[in-house]
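All of the numbers you see were taken from the coordinates with simple rules; none came from a lab. Note that this is a predicted model, so its numbers are computed, not measured. Because the Cβ atoms are built from the backbone with ideal geometry, glycine has one as well, and the counts that use them run over all protein chains shown.
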């Protein structure tokens, strides 16, 4: 008996057989298309190992992938490994271009020598390979910030440097706490000179001191006079050594400046064009008018807005030193309300406490200098000396902040067509003041060589050659012609004279720089409006580990001045050399608007390292002094130059034999100035003759001091002549005198005359004019008429 499983299988086979026979019968009657669909259906239906149809919904059993490829993997593993064939050498291609790139083998030619033995010679002819195309030369890049005539003056230079004031100790060194304020006033007049009267454009530092009754020497600015000397402690006042009219004139200039600042602050619809056309707002006629209260209307308007504009720190109440400024002075409630809030998202339900803080309130009215009623009549002279400086300084700040005329001028200067290539910095100075004359000249030479190579490379490029042939680059062709002329001039000179010739061809180099750079090292930084707003005109030099040096003198931007010292390096050197060689003197300055420049000067030292560190650390700088006077005339300037010799010299143990020769040459140059008295520690113990420390970091400071000394040595001659102009031509107006005979003589165009007789009569006329005086006008007219009749008879 069959098992149930077998019986079930038999039933399935019978059913399958019967169904298959039925399908066969039907398939014979169907067309061929039905067979294709049936085959597709059979392919889609998977069958099991027992020849049963499996539905698609039934998942297939998992099988290993390696079972299918197991035999193939075994065959591969049993096969022996074949060795890789060696790479075959590439045969040279048969193209003619490829053959030319390879060397041709030398053919040996056998010849018979004299001894009968055969010798072989290589073929002398060689096939030269075809040269590869050369790459075009790249033009050297020019960074514009490296070639400007003005460079930024950064405070970060003293980030890791500290100064010692005692190193510059000498008898002429005095603390001047108000120097920074007066230099600020002079810089404001300098930059906006078109708004001020011409008499205010030649003010010197001494004019401010005399007009405001200020004396140097006291750290707080309350000096009662000028000390006669280190040994004599008696004090001198300005009336002791100055004429009263000169003192009054300086005081009137200070009142004129005070009135000009007031008018400039409150006047509207006034700009630089109207100032050039109609003149400045304030003149001497305004100051010397019949009105007794000239200043009252402007001062009244100033008192109304002064609290809103901001009072100076010196005119405010001082905070108590024993109290903490970060904590409130008083509170309205004893304790803050800290009860739990019903809704934490709305803390405004609690009543906040009200605090009063320590503030710098202005001084009371009875002690406020601006409320002084005497100012309505006497102007700025009604205040104390230090309050006068403070008021002028604050007026400059208020004028720069609220004057429409100054606003318009600042906008024009700060919104030009271009910005400085090195960015916008607070302070900018001429390049030769920082790097020195020699380094600036070397920079110009290097720039000339770079520009020359750029043009030479550019002229060899194919597209430029094509454009030059077609005449599409007239500017470039013109510059190449100029460069060719310069090269021929330099080629025909000796090496020792090339530098001088290079600088003499400056006018030819300038058009070559156009289009390549916006500026160049030897340009005039004072003529460029781009630098005017932030340029430090009074800056002389910066010495590492020491500080900065300034010489305030006005009229930096006078276009009419022919002998201005505020110019480019080449013009300045030419001017100083003429004064040094006595080609120019005080009379030459007087004829060429010498009185328009500041006749007096002062040299100041600014302790910039100490100021930078105090400000960075948040210290109070109000009671400290950072400005020191070093010299005030040509005599003290020579003493300061002699003092610099001690600082420039190296310590004795570091000296070498080569330095002795340099010292001899420097002494010879110093003798050309004047015979200066030697300063020794025995004769004057108040001077510090010790050199700078031995550390190598002070070597740069010695070089900078040497540069400063050389510049001041050349500058000395023109400063001395400016002092002579004030002494010799104080009350005279500049101009060129013409003879009265030249003005009244008529021109005779008849050439038929006896020249000898005419010359003799002309010489007699000159002798008569020499002895003529204003009292003898009648005799002069008779003699001139008689001479004229005699000439007409001869002709």
*Could I get the Rg over Rh figure for region 391-514? Both from C-alpha atoms, Rh via Kirkwood, rounded to two places.*
1.17
*Measuring from label point to label point, each 7 Å out along Cα→Cβ, what is the residue 726 to residue 463 span in nm?*
6.3 nm
*Roughly speaking, what is the stretch gain from residue 694 to residue 357, that is 0.36 nm per residue apart minus the C-alpha to C-alpha distance, in nm to one decimal?*
116.1 nm
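Can you work out the FRET efficiency for the pair residue 161 and residue 442, with r the C-beta to C-beta distance and R0 = 25 Å, to the nearest 0.05?
That gives a FRET efficiency of 0.45.
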*Between residue 492 and residue 686, what length comes free when the chain is fully extended (0.36 nm per residue of separation minus the Cα-Cα distance, one decimal in nm)?*
64.1 nm
*asked:* Cα atoms only: what Rg and Dmax, in Å, come out for region 299-452?
replied: 27.2, 83
_How long are the semi-axes of the equivalent ellipsoid of region 473-571, defined as square roots of 5 times the Cα gyration tensor eigenvalues? Whole Å, largest first._
33, 18, 14
*Rounded to the nearest 0.05, what FRET efficiency do residue 619 and residue 271 give with R0 = 45 Å and r taken as the Cβ-Cβ distance? Could you check?*
0.60
*Virtual spin-label span in nm between residue 500 and residue 74, 7 Å along Cα→Cβ*: 10.5 nm
*Each label point is 7 Å from the Cα along the Cα-to-Cβ direction; what then is the distance between the points at residue 514 and residue 240, in nm?*
6.1 nm
*Counting alpha carbon pairs within less than 8 Å and at least 6 residues apart, what relative contact order, in whole percent, applies to region 222-294?*
20 percent
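How large is Rg/Rh for region 584-628, to two decimals, with Cα atoms and a Kirkwood Rh?
With Rg and the Kirkwood Rh in hand, the quotient comes to 1.38.
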*Take the Cβ-Cβ distance between residue 333 and residue 220 as r, set R0 to 41 Å, and report the resulting FRET efficiency rounded to the nearest 0.05.*
0.40
*asked:* Test of understanding: what is the full-extension gain from residue 247 to residue 319, defined as 0.36 nm times their sequence separation minus their Cα-Cα distance?
replied: 22.1 nm
*Which residues in region 416-453 have a backbone N closer than 12 Å to a point placed 7 Å from the Cα of residue 145 along the Cα-to-Cβ line?*
420-425
